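Undergrad: So that we are looking at the same thing, I have put the structure below in structure tokens.
The values are calculated or read from the model by the stated rules, or taken from the named source; none is laboratory data. None of these values were measured; they are calculated from a predicted model. Positions of Cβ are backbone-derived with ideal geometry, glycine not excepted, and every protein chain shown enters the neighbour counts.
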Amino acid sequence: MPPTVVGFYLLIVMDPEGWLGGLWKGATGSPILFTFAGIVIASITYSIPFALQPMRAAFEKIDPRLIESARILGLSPPAIFLRVILPNSRNGIAASAILVFLHTLGAFGVILMVGGSVPGQTRVVSVAIYEAVETLQYGSAAMMSLALLPICYIFLLVVHRLTKRSPS
Amino acid sequence: MDWIALFLSLKLALVATAILMIVTAPLACLWPCRLRSSDFTCSS
């Protein structure tokens, strides 16, 4: 789904009249829209597929005999998850975490729809770059873009190495 | 250069990633139904 479409639906749901916004306001007394908590929820919602797919792939590659052995040895399902499944799929989980991190770092449409551009609250770097370009401050936009490049490159390199080394 | 925006982006990415990993890892694991079923070959 396009980020702006997701952002629009989240805007409706997180409005103080919406179910999530109403629930949040009832619990905290303040609206969730245009707050840091709001953009965290929006980012999580938008990044769920990016987290689930690599993790699912990693879990499905685990030898079922390992799980069967653990169960025969008397481990409970949570213990199997923590002591057998997680250690055997750590590369997939790490790759998933890095993909979500990078995806959230570059998120723009959803953040702008749900968070707007409140300095110090919801004005993330992608929104700041957009605003700098809009106001013809190309130097500032270039500096912020340049700051993001090495971060993204290093993390992508790590993902590449993790997925390449994955034994499964 | 807006350092606050850069810091906020990193903070947002870290928080969202941490929450997603904690919540989705068990869910993704249950998806192939290996843990909830006695049939260990039901991952397909």
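Residue-wise test of (1) facing another protein chain (nearest Cβ under 8 Å); (2) surrounded by 16 or more Cβ atoms within 10 Å (Cβ to Cβ); (3) closer than 21 Å to B:LEU20 by Cα.
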position: A:LEU73; (1), (2), (3): no, no, no
position: A:PRO78; (1), (2), (3): no, no, yes
position: A:VAL84; (1), (2), (3): no, yes, yes
position: A:ASN88; (1), (2), (3): no, yes, yes
position: A:SER96; (1), (2), (3): yes, yes, yes
position: A:PHE101; (1), (2), (3): yes, yes, yes
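Undergrad: Name the pairs: first residue in the range A:61-87 and touching a residue at least 60 places away in the same chain (Cβ under 8 Å) and assigned to a loop (DSSP other than H, G, I, E, B), second residue loosely packed, with under 15 Cβ neighbours inside 10 Å and of a type in the set (Ser, Thr, Tyr), Cβ to Cβ under 6 Å, at least 6 apart or on different chains?
TA: A:LYS61/A:SER168
Undergrad: Considering the range A:134-168 alone, what residues qualify as being under 28 Å from A:ILE32 (Cα atoms) and over 19 Å from the mean Cα position of the chain (by Cα)? Write out each step before concluding.
TA: Taking the range A:134-168 as the starting set, the residues that turn out to be under 28 Å from A:ILE32 (Cα atoms) are A:134, A:144, A:148.
Once the filter is applied, which keeps residues that are under 28 Å from A:ILE32 (Cα atoms) and over 19 Å from the mean Cα position of the chain (by Cα), the range A:134-168 yields A:GLU134, A:MET144.
Undergrad: Can I ask one more? Somewhere in the range A:19-38, is a residue touching a residue at least 60 places away in the same chain (Cβ under 8 Å), in a helix (DSSP H, G or I), more than 30 Å from A:MET144 (Cα to Cα) and out of contact with any Cys (no Cβ under 9 Å at 6 or more places or on another chain)? Before the answer, list the steps.
TA: Step one: filter the range A:19-38 for residues touching a residue at least 60 places away in the same chain (Cβ under 8 Å), giving A:33-36, A:38.
When the remaining residues are screened for being in a helix (DSSP H, G or I), the result is A:36, A:38.
From what is left, the residues that are more than 30 Å from A:MET144 (Cα to Cα) are none.
Among the residues of the range A:19-38, not one is touching a residue at least 60 places away in the same chain (Cβ under 8 Å), in a helix (DSSP H, G or I), more than 30 Å from A:MET144 (Cα to Cα) and out of contact with any Cys (no Cβ under 9 Å at 6 or more places or on another chain), which makes the answer no.
Undergrad: Same structure again: Is there any pair with a first residue in the range A:141-157 that is surrounded by 14 or more Cβ atoms within 10 Å (Cβ to Cβ) and a second that is modelled with pLDDT under 85 whose Cβ atoms are under 7 Å apart and which are 6 or more apart or on different chains, and what are they?
TA: Qualifying pairs under 7 Å: A:MET143/B:MET1; A:MET144/B:MET1; A:MET144/B:ASP2.
Undergrad: So which residues in the range A:15-37 are of a type in the set (A, V, I, L, M) and within 14 Å of chain B (Cβ to nearest Cβ), if there are any at all? Working first, answer last.
TA: Keep residues of the range A:15-37 that are of a type in the set (A, V, I, L, M), which gives A:20, A:23, A:27, A:32-33, A:37.
Result: A:ALA37, single match.
Undergrad: For B:ARG34, work out the one condition from (1) at pLDDT 80 or above; (2) within 7 Å of chain A (Cβ to nearest Cβ) it doesn't fulfil.
TA: Unmet condition: (1).
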